[in-house]
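Where a number appears in this text, it was derived from the coordinates with a stated rule and is not lab data. Source: prediction; values computed, not measured. Cβ: placed from backbone, ideal geometry, glycine included. Neighbour counts: every protein chain shown.
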Amino acid sequence: MQFEKRILARNAYHKLPGFLQEFARRFQVKEVWFPPEGTKLPEAHPCTVSHDPTETPRYVAYVKAVIDGGERDPGKLKSFLQGLRSCGKPGQELIEIIKMKVLRK
């Protein structure tokens, strides 16, 4: 696909959507590349965060299995602490176990 180069004129700047105006201002945009007329662009998909209800028990079970398997790397254990913060009561119990038994040694 061949793109056309267009110079961003002063009066054209104010016709851009707000987020593109901000982008152009912050990055000091002087040129804009456009696909040729009639080019079909892919659909935009908004970024969404979905939560699977079965995810929490599986994560808690995974962390428990890793700890029972003898994991003692402080960096990995601290990352587990961050992940367990959103796992409710089972996560909090496992956080306490990690802090008392593993990180204090």
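So between residue 15 and residue 97, what do we pick up on full extension, going 0.36 nm a residue minus the alpha carbon distance?
23.7 nm
Evaluate E = 1/(1 + (r/R0)^6) for residue 28 and residue 58, where r is the Cβ-Cβ distance and R0 equals 41 Å; express this FRET efficiency to the nearest 0.05.
0.30
Hey, with R₀ at 25 Å, roughly what FRET efficiency would residue 66 and residue 89 work out to, going by the Cβ-Cβ distance, to 0.05?
Calculated value: 0.80.
So which aspartates and glutamates can residue 89 reach, going by Cα to Cα under 20 Å and dropping same-chain residues fewer than 8 places off?
52, 55, 68
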